[in-house]
Amino acid sequence: MTGENLDIHSGDGFPQNGSQSSGRKARRFLGVKFACCDIYTRIYVNRSETAYEGCCPKCGKRVSVQIGSGGTDKRFFTAY
């Protein structure tokens, strides 16, 4: 699918009221396209809620996005 766009999720990463099922708490996430393997996935907030962390599902390249004041409201990124 190189060169094509695919809108997997058009939301902001937070479910709307009533969209949670079976009483589970929604997990905050960022959408990340790993350029190394041309794969899109989600990365989630760590347990200490200081960063979003995850890795490429194909090659294992790790990425961490710090949470703090003065950040961005963007929800989708490309990791190079």
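The values are calculated or read from the model by the stated rules, or taken from the named source; none is laboratory data. On a predicted model such as this, the values are computed, not experimentally measured, just so you know. Cβ atoms come from the backbone with ideal geometry, glycine included; neighbour counts cover every protein chain shown. What goes into the accessible areas is simple: the full protein's heavy atoms, side chains included, and nothing from ligands, DNA or RNA. Shrake-Rupley method; radii C 1.70, N 1.55, O 1.52, S 1.80 Å.
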Flagged pairs (Cβ under 6 angstrom, 6 or more apart or on separate chains; first in segment 49-60, over 16 Å from PHE76 (Cβ atoms); second modelled with pLDDT of 95 or more and open to solvent by 70 Å² or more (accessible area, probe 1.4 Å)) are CYS55/ARG62
Scanning segment 19-53 for residues that are of a type in the set (Ser, Thr, Tyr) and surrounded by fewer than 15 Cβ atoms within 10 Å (Cβ to Cβ), the one farthest from TYR80 (Cα to Cα) turns out to be SER22
Scanning segment 54-80 residue by residue, those touching a Ser or Thr at 6+ places or on another chain (Cβ under 8 Å), at pLDDT 95 or above and open to solvent by 80 Å² or more (accessible area, probe 1.4 Å) turn out to be PRO57
